[in-house]
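Here the structure comes first, spelled out in structure tokens, and everything after it is commentary.
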Amino acid sequence: MLTIRHICPSTTRLCLCQNIKLFPKTVYYASTSSVPIIDENKKQESRPEYPLLDTKFNQYQIAYRYRHSLELLRGYLVYRLFSINLLVNNQDKIARLGRRILGEKLFQKILKLTAFGHFVGGESPQEIIPVIEKLQKYNVRPILDYSVESDDTNSSASSDADRLLDHNTAKFIECIKTSHDICGANNLIAVKVTALIHPSVLKKLNTVLKSLGDRLILPPLFELINQDKSNEEIITSFQQSIHSYFQKDQETSSNVVLTPNDLMDIYKLLIRLNKIAQACVEYKISIMVDAEQTYFQTAINYLATELQRYYNKYNVPFIYGTYQCYLKETLDCLKHDLAFAEKYNYIFAAKLVRGAYMEQERRLAQEHGYDDPINPDFDTTSQMYHTCLDEVLKSTVKRSPNQIRIMVASHNEDTIRYGIQKMKDYDIRRGSSIISFASLHGMSDYVAFALANSGYKTYKYLPYGPIEALVPYLFRRAQENRSIFLKADKDRRFHLKALKDRMINSKN
Ligand SMILES: Cc1cc2nc3c(=O)[nH]c(=O)nc-3n(C[C@H](O)[C@H](O)[C@H](O)COP(=O)(O)OP(=O)(O)OC[C@H]3O[C@@H](n4cnc5c(N)ncnc54)[C@H](O)[C@@H]3O)c2cc1C
């Protein structure tokens, strides 16, 4: 039986007094050899007759059953607004002006009645309950996404800033409990690492890790944290591995040096992540570690992998990582991580996305004169997405289907059709956890609800949180829907069609 050490909430020091049982005997087993492992793909072998799926995704009648007529009208109007280039290009300025003229309160009210209302679940756990219940009624599982993120790499560490990071940790744990209480066990929540550390330190760690050719030299961090090691020992072990690497190979060494304060901040991040992972185990909820900008992503991927190495060992994928297929380096990174999971024998769990920060990444590359990290065009990104999915599925044969979980997180109909075809090729049954599909709340419902209706495991990211914290998220949705005009157009047309159908039916 594996135990993890409880961490005192008031301090970053480990407290030796309390051991909590990580895997109660009746639910999980430490030794995979002594237990019959349930084959994910054979579970529920008595296959129900699923309704046929229209793979052209025109079943709009299925999609909007969970929306009131007024919500359909709002959806239609929001998509109309997002098609106005002038508005989307100047959303920052317009938001500032709106705040100044209307005042913060009225501005927020208008947001809540429009884009926030459409794309976001609510401001608090209480507000999202009815949304969750409606999604679940149609077999769509929510991934609660308490939205806090930070991109302020100039912010400096302070005790106030530390308090905010601890507050965010508590919010993620609350989110895990909410997910468990409302949706039951075996559900997912999303976590953003930038909400748990000063972005400037994460950026430094990113630079250092990027310059390390071989991350294998680093110690297994979460194993150290959950052993009887003091914080000094853990920091020293991490620091020494990096130093000895640079001494061996001066040429790859970066100019960035992690100061003792940075190392302490990184240590606090590990403690925060460990606390969140402990809550996952306690409530049997998994976390999805979101991918962010490239100047953070190597570090985020490293931390997600380290968490998986420790927490995904015992037949439950508690931790999922994320791979952004718009990055040139993603296929290599994914292959490396699949091999790493095989070597250390843990479940590889991840979602595949195209990537949400393309405009910013390209602008920064141009401004600072380094190579654009983004694939040259959309088709190359799509090709990489499909190749990444192929690579992961090959592992289900090489290892075992139980050791792999992959989520196709996309609104792209070709990519979803590709995923469905691959399920057939690999004889993966519908409803299996090996492959699932996910989209964002308020987007491509005509795809998500049709998939769920036909028995595919389907999720919706459901963001919630204070309105001001969600403004960057809403801006990204506006930009995205402008750049994928045809899809946004389909969303808009189907909202209107569903609304018209309702009006006609109510007259008859
Ligand atoms: C459930 C879920 C979770 C997500 N989590 C994350 C996350 O953790 N991190 C993250 O970064 N994003 C995340 N996203 C957002 C995602 O990365 C995409 O921005 C979004 O889903 C649009 O891509 P698509 O595959 O859905 O649709 P598509 O229609 O295929 O996407 C169009 C998008 O492709 C982009 N694109 C990519 N590469 C190129 C290129 N080389 N040239 C031109 N255009 C290109 C465009 O920006 C455009 O927005 C998530 C999305 C979903 C659905």
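So Ile235 passes all but one of these: (1) hydrophobic (A, V, I, L, M, F, W, C); (2) modelled with pLDDT under 85; (3) assigned to a loop (DSSP other than H, G, I, E, B). Which condition number does it fail?
(3)
Can you find even one residue in the range 108-124 that is among the basic types (Lys, Arg) and closer than 30 Å to Asn505 by Cα? Don't jump to the end; show me each part of the working.
Keep residues of the range 108-124 that are among the basic types (Lys, Arg), which gives 109, 112.
Then keep just the ones that are closer than 30 Å to Asn505 by Cα; that gives 112.
The answer is yes; a qualifying residue exists.
I'd like to check something: does the range 310-331 contain any residue that is among the charged types (D, E, K, R), part of a helix (DSSP H, G or I) and more than 10 Å from the ligand (Cβ to nearest atom)? Before you say what the answer is, go through the steps one by one.
Pass one, the range 310-331, residues among the charged types (D, E, K, R): 313, 328-329.
Then drop every residue that is not part of a helix (DSSP H, G or I), which leaves none.
No, because not a single residue in the range 310-331 is among the charged types (D, E, K, R), part of a helix (DSSP H, G or I) and more than 10 Å from the ligand (Cβ to nearest atom).
Counting just the residues of the range 222-232 that are touching a Ser or Thr at 6+ places or on another chain (Cβ under 9 Å) and of a type outside the set (S, T, N, Q), which one comes out modelled with the lowest pLDDT? Reasoning before the result, please.
At the first step, the residues of the range 222-232 found to be touching a Ser or Thr at 6+ places or on another chain (Cβ under 9 Å) are 224, 226, 229, 231.
Narrowing further to those that are of a type outside the set (S, T, N, Q): 224, 229.
Numbers: Leu224: 84, Lys229: 75.
It comes out as Lys229.
Can you tell me which residue in the range 433-457 is farthest from the ligand (Cβ to nearest atom), limited to those that are in a helix (DSSP H, G or I) and among the aliphatic types (A, V, I, L, M)?
Initially, the range 433-457 is screened for residues in a helix (DSSP H, G or I), giving 445-453.
Those left that are additionally among the aliphatic types (A, V, I, L, M): 447-448, 450-452.
Details: Val447: 10, Ala448: 9, Ala450: 16, Leu451: 13, Ala452: 14 Å.
It comes out as Ala450.
Wholly within the range 73-146, which helices (runs of 4 or more DSSP H) include no fewer than the required count, namely at least 3 residues that are farther than 28 Å from Tyr459 by Cα and basic (Lys, Arg)?
Filter on the range 73-146 gives 91-102.
So Tyr320 fits all but one of (1) within 14 Å of the chain's Cα centre (by Cα); (2) without any contact (Cβ under 8 Å) to a residue 40 or more places away in the chain; what number is the exception?
(2)
Per-residue answers, yes or no, for (1) at pLDDT 95 or above; (2) within 19 Å of Thr194 (Cβ to Cβ); (3) surrounded by fewer than 21 Cβ atoms within 10 Å (Cβ to Cβ); (4) in contact with a strand residue (DSSP E or B) (Cβ under 7 Å, 6 or more places away or on another chain):
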residue: Asn261; (1), (2), (3), (4): no, yes, yes, no
residue: Leu270; (1), (2), (3), (4): no, yes, no, no
residue: Ile285; (1), (2), (3), (4): yes, no, no, yes
residue: Glu292; (1), (2), (3), (4): yes, yes, no, no
residue: Asn301; (1), (2), (3), (4): yes, yes, no, yes
residue: Thr305; (1), (2), (3), (4): yes, yes, no, yes
residue: Cys325; (1), (2), (3), (4): yes, no, no, yes
residue: Thr330; (1), (2), (3), (4): yes, no, no, yes
residue: Val353; (1), (2), (3), (4): yes, yes, yes, yes
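Looking at the range 190-211, is at least one residue surrounded by fewer than 15 Cβ atoms within 10 Å (Cβ to Cβ) and at pLDDT 90 or above? Steps first, please.
Going residue by residue through the range 190-211, those that are surrounded by fewer than 15 Cβ atoms within 10 Å (Cβ to Cβ) are none.
For the range 190-211, residues surrounded by fewer than 15 Cβ atoms within 10 Å (Cβ to Cβ) and at pLDDT 90 or above: absent.
From Leu462, Leu474, which residue is under 21 Å from the mean Cα position of the chain (by Cα), hydrophobic (A, V, I, L, M, F, W, C) and at pLDDT 95 or above? It would help to see each step written out before you state the result.
Working: Leu474 fails: at pLDDT 95 or above.
The match here is Leu462.
The values are calculated or read from the model by the stated rules, or taken from the named source; none is laboratory data. Remember, predicted model here, so these are calculated numbers, not experimental data. So basically every Cβ, Gly included, is an ideal-geometry build from the backbone, and we count neighbours across all protein chains shown.
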